[in-house]
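This report refers to the structure that appears directly beneath it.
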């Protein structure tokens with residue numbers, strides 16, 4: 001138990017064993033690299049004093065090493081550039097493991113009878129198989145052919161775990177796997193713009209729902225790319241927007257379609273070519289013009305999407321409000337919770353108090369707090385049309401009409 005946690009804590013901060021030993025030495029603590037390696041392999045155990053100092057160096061609580069790991073993730077794919085060092089790959093996996101473990105615990109605590117709504121991986125060998133897999137997933141999730149407002153929220157709503165890696169490494173694109181053979185996990189680069197992030201997420205979905213057997217990695221990646229494009233813009237929608245056959249496409253048109261569907265301009269060009277809406281020759285011409293304008297790295301328009309995961313924070317706050325976890329446990333499950341709580345306290349004139357705590361107060365105190373909340377909310381309800389733009393039921397609506 002200690003060995004697994006010690007290695008995970010070291011990897012999550014991106015330190016080598018020698019770097020950990022050097023930092024201990026700076027604190028006048030002698031430890032050899034060989035001894036640290038034995039600790040991580042479980043061949044010996046560090047004493048309590050050393051664990052405390054290791055926790056300080058690795059940025060975790062001392063009891064982190066004593067908690068039995070409850071999640072095992074079988075990673076399927078890791079999209080990265082060739083120059084992306086292995087130590088940074090392990091760092092991303094280790095950081096993701098902490099988030100996945102917290103989210104699985106919350107999910108099983110709050111939704112003990114629910115299961116992720118993901119299909120069993122289906123065999124895929126051709127581009128047509130990838131198109132079919134994407135269409136089937138959209139049907140399963142009842143998405144029809146309309147643009148998806150947030151791929152992240154759709155995945156989370158169906159039981160998937162989405163993890164953001166916040167370091168701005170350009171070499172990392174995406175990672176996917178299965179936690180405890182039950183929960184689908186995707187990791188995306190938070191430094192990417194929303195359109196690239198949602199495409200990466202859709203790409204990792206492809207790896208999760210398609211079984212490609214012994215296919216070479218390059219071919220598996222091509223199928224996942226095709227799946228992602230088909231998931232974001234189904235074939236019927238692509239033909240509806242572009243037509244069945246075009247002699248040319250304009251960049252102005254592609255920019256509008258990007259803003260509507262959240263698929264990049266280059267993605268639309270590829271989609272048009274893959275569906276034979278434009279010829280290979282015109283696609284190559286578009287690519288040359290695109291590159292000449294310097295748009296490969298940064299396209300001229302942005303997609304204003306909301307592609308940040310919310311599920312972990314929402315479940316943490318729910319568990320806190322229901323008295324399932326303490327504020328300390330909430331911060332452990334969802335690091336940064338304390339900062340959010342401080343922000344709420346700055347916005348409200350009264351100290352933040354949970355619904356559970358309110359119900360424990362005497363009736364006069366409860367009435368006072370609710371009256372203050374109603375007064376503060378009054379301005380929003382008077383000025384925000386989204387809160388008032390509906391027809392309320394009147395007393396007559398509750399009575400049967402006379403025959």
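Values quoted throughout were computed directly from the atomic coordinates according to the rules given, and no laboratory measurement underlies them. Keep in mind it's a predicted model, so treat the numbers as computed, not measured. Cβ sites come from the backbone with ideal geometry, for glycine too, and all protein chains shown count toward neighbours.
Using a Gaussian network model of the chain in which every pair of alpha carbons under 10 angstrom is joined by a spring, one finds that among 146, 115, 374 the greatest mean-square fluctuation is at 374. Each residue, residue 120 and residue 324, gets one label point 7 Å from its Cα in the Cβ direction; the gap between the two is 3.0 nm. The packing ranking of peptides 220-226, 196-202, highest mean first, is 196-202, 220-226, where packing means the average number of other beta carbon atoms within 10 angstrom of each residue. Measuring nothing but how far apart in sequence close Cα pairs (under 8 Å, 6+ apart) lie, relative to its length, segment 1-69 scores a relative contact order of 50 percent.
Over the Cα atoms of segment 38-106, each weighted equally, I'd like the Debye log10 I(q)/I(0) at q = 0.17, 0.20 Å⁻¹, rounded to two decimals. Debye intensities relative to I(0), on a log10 scale: -0.85, -1.06. Distance from the C-alpha centroid of segment 206-276 to that of segment 1-19: 40 Å, rounded to the whole angstrom.
Counting every C-alpha pair in segment 1-69, the share spaced more than 20 angstrom apart comes to 14%. A protection proxy built from the mean count of other Cβ atoms within 10 Å ranks the segments 139-145, 106-112, most packed first, as 106-112, 139-145. Out of every Cα-Cα pair that segment 122-292 contains, those further apart than 25 angstrom amount to 31 percent.
The radius of gyration of the Cα set in segment 39-169, together with its Dmax, comes out at 19.6, 60 angstrom. Per-residue Cβ neighbour counts within 10 Å put 322, 204 in the sequence 322, 204, beginning with the fewest.
Annotation: the residues 316, 285, sorted from fewest to most other C-beta atoms within 10 Å of their own C-beta, follow the order 285, 316. When the chain is treated as a GNM with alpha-carbon contacts under 10 Å, the residue of 28, 238, 85 showing the greatest mean-square fluctuation is 28. Pairwise inverse Cα distances across segment 239-317, averaged and inverted, put the Kirkwood hydrodynamic radius at 14.0 Å. Over segment 95-160, the hull volume per residue, using the convex hull of the C-alpha atoms, is 125 Å³. Size descriptor for segment 162-250, Kirkwood hydrodynamic radius: 14.6 Å (Cα pairs only, one decimal).
With kT/(6 pi eta Rh) evaluated at 4 °C and eta = 1.567 mPa s, and Rh the Kirkwood radius from Cα pairs, the chain diffuses with a coefficient of 52 µm²/s according to Stokes-Einstein.
Translational D (Stokes-Einstein, µm²/s) of segment 234-277 at 10 °C and 1.306 mPa s when Rh comes from the Kirkwood sum over C-alpha pairs? In µm²/s, the coefficient rounds to 155.
Using only the Cα atoms of segment 279-324, each taken as one equal point scatterer with no solvent, compute I(q) by the Debye sum, divide by I(0), and report log10 of the ratio at q = 0.19 Å⁻¹. Rounded to two decimals, the profile gives -0.74. Normalising the average separation of contacting C-alpha pairs (under 8 angstrom, six or more residues apart) by the number of residues puts the relative contact order of the chain at 14 percent.
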